[in-house]
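Let me begin by presenting the structure, written as structure tokens, before commenting on it.
The values are calculated or read from the model by the stated rules, or taken from the named source; none is laboratory data. These numbers come from a predicted model, not from an experiment. Cβ sites come from the backbone with ideal geometry, for glycine too, and all protein chains shown count toward neighbours.
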Amino acid sequence: MLTTRPRLAALGIPALSLTRIGAAALICAAPWAGAQITDIHPRSPLPDATIRQFYSVTFTPVNPYKGLPVLWTITPGCLDGTGLNFTPQNGIANSARITGLPALRGTFDCTIVAQDAGDNVVSKRYELSIVRGCVSPRIISEPPTGVEPGVPYSFTVVAAGKPPITFAALGLPPGLAIDPATGVIAGTTAAAGAYSVTVIANGCGRSAIQNLTLVVGKAPVSLTLSNAPNPAVFGQDITVDVHATGGAVAPSGTVLLCVIASGEFCAAPVGAPPPGTPASLIPPLVSATLDAGGSAALTLTGLAIQNYVLQAYYGGDGTHDPAASASVDQFVIKGVVFPPARRSLNAPAAAPGASVEPIPTLSMPMLAALSLAIVGIAAGRVRRRG
């Protein structure tokens with residue numbers, strides 16, 4: 001048997017042995033022969049630390065020289081203010097640790113260096129996130145809106161809390177389902193009715209619950225009116241615009257318009273005249289069909305000089321409820337305004353600051369009297385000529 005030179009043993013390195021067996025030779029070496037540190041465990045990023053909860057993570061060298069302890073260091077100041085400490089800093093040990101009670105939220109970058117007894121060095125960058133403690137989830141969205149039968153529906157349940165948060169729902173109408181990851185309730189249902197639904201948000205091992213009633217039925221409608229010109233002059237046509245809104249799609253069908261003067265009543269279904277009201281005080285309703293956007297335009301002609309009130313009514317459709325507009329008051333048609341008489345070229349101009357008589361507005365009785373007077377004057381002239 002041959003041995004290596006004595007100085008290897010003096011260095012603390014086990015001697016190699018060579019054994020000859022026949023023509024073959026077997027060389028046996030110590031298990032650390034040629035070894036050097038190659039990595040540090042664990043991997044990056046490190047597990048999250050939680051505010052005010054004790055934290056500890058251990059670092060170990062991979063394949064250090066001779067299996068001996070290594071020299072540990074960490075980026076100076078990278079854990080300042082966090083409440084965490086690295087040990088041993090600039091110390092020799094088989095492992096190192098970050099421990100402590102986290103006090104500062106954020107993400108921190110640190111580089112850990114390990115040097116083995118053979119002067120082999122490995123460094124590794126680590127990311128450590130310090131997060132707030134587990135907070136019970138809370139559902140912060142308002143209860144879902146009503147569902148229209150046969151119309152695609154979508155509503156997002158929103159919850160606050162520490163991610164990840166998952167969602168569930170019990171008692172949804174057939175055809176609707178909730179996405180566990182996003183909280184979106186979606187689908188189409190034709191099953192009208194009122195459903196008792198429980199929405200659940202899960203996170204941190206805890207749950208938030210919202211109990212609600214989800215109504216599958218027709219959508220409410222809002223009617224608005226506008227008219228022009230206002231005021232108008234006797235003989236002008238009046239345009240009334242009706243706009244119906246509500247639901248996922250625009251309302252469709254017919255709208256009815258009531259136009260009444262003082263002392264008159266809207267006919268049903270817009271109004272409800274008192275029993276025994278003369279038919280002359282219940283003017284007929286005007287109708288129009290809503291377009292694809294839920295709007296309709298109606299033209300009013302032949303109205304007398306008067307103040308009027310407008311009100312619209314919508315009878316509903318397969319997905320919308322009936323609705324009535326608020327009354328629009330003081331829609332006014334004024335009398336005819338005569339132009340001022342031409343002044344003679346030789347007539348003196350009005351003195352500065354002198355008052356000028358306003359041109360009167362004639363009511364219907366005044367117009368009738370004026371017409372009769374004109375007819376009478378014309379007849380007298382004809383008789384005189386005869």
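With the checklist (1) β-branched (Val, Ile, Thr); (2) assigned to a strand (DSSP E or B); (3) surrounded by 15 or more Cβ atoms within 10 Å (Cβ to Cβ); (4) not assigned by TED's automatic domain parsing to the domain that holds residue 211 in hand, flag the one item residue 111 doesn't pass. Looking at each condition in turn, residue 111 falls short on (3).
Across region 239-246, a minimum of one residue is classified as in the same structural domain as residue 328 (by TED's automatic domain parsing) and assigned to a loop (DSSP other than H, G, I, E, B). Among the conditions (1) surrounded by 13 or more Cβ atoms within 10 Å (Cβ to Cβ); (2) touching a strand residue (DSSP E or B) at 6+ places or on another chain (Cβ under 7 Å), residue 317 misses just one, which is (2). Here 178, 185, 130 are screened, and the one residue that is surrounded by 17 or more Cβ atoms within 10 Å (Cβ to Cβ), in contact with a strand residue (DSSP E or B) (Cβ under 7 Å, 6 or more places away or on another chain) and within 30 Å of residue 85 (Cβ to Cβ) is 130. Selection of first residues in region 289-301 that are more than 13 Å from residue 250 (Cβ to Cβ) and of second residues that are crowded, with 19+ Cβ neighbours inside 10 Å, restricted to Cβ pairs under 6 Å at least 6 apart or on distinct chains, gives the following pairs, ordered by first then second residue: 298/240; 298/257; 300/238. Summed over region 247-260, residues that are assigned to a loop (DSSP other than H, G, I, E, B) and β-branched (Val, Ile, Thr) total 1. Exactly one residue among 276, 235, 263, 271 is part of a loop (DSSP other than H, G, I, E, B) and surrounded by 15 or more Cβ atoms within 10 Å (Cβ to Cβ), and that residue is 271. Suppose we keep only residues that are surrounded by fewer than 20 Cβ atoms within 10 Å (Cβ to Cβ), under 40 Å from the mean Cα position of the chain (by Cα) and of a type outside the set (Gly, Ala, Ser) within region 80-107. Which one would you say is nearest to residue 162 (Cα to Cα)? Here the answer is 105.
Return yes or no: is residue 229 closer than 28 Å to residue 305 by Cβ, touching a Cys at 6+ places or on another chain (Cβ under 9 Å) and not acidic (Asp, Glu)? Criteria not met by residue 229.
Please go through region 133-155 and pick out each residue that is surrounded by fewer than 16 Cβ atoms within 10 Å (Cβ to Cβ) and touching a Phe, Trp or Tyr at 6+ places or on another chain (Cβ under 7 Å). Hit for region 133-155 is 145, nothing else.
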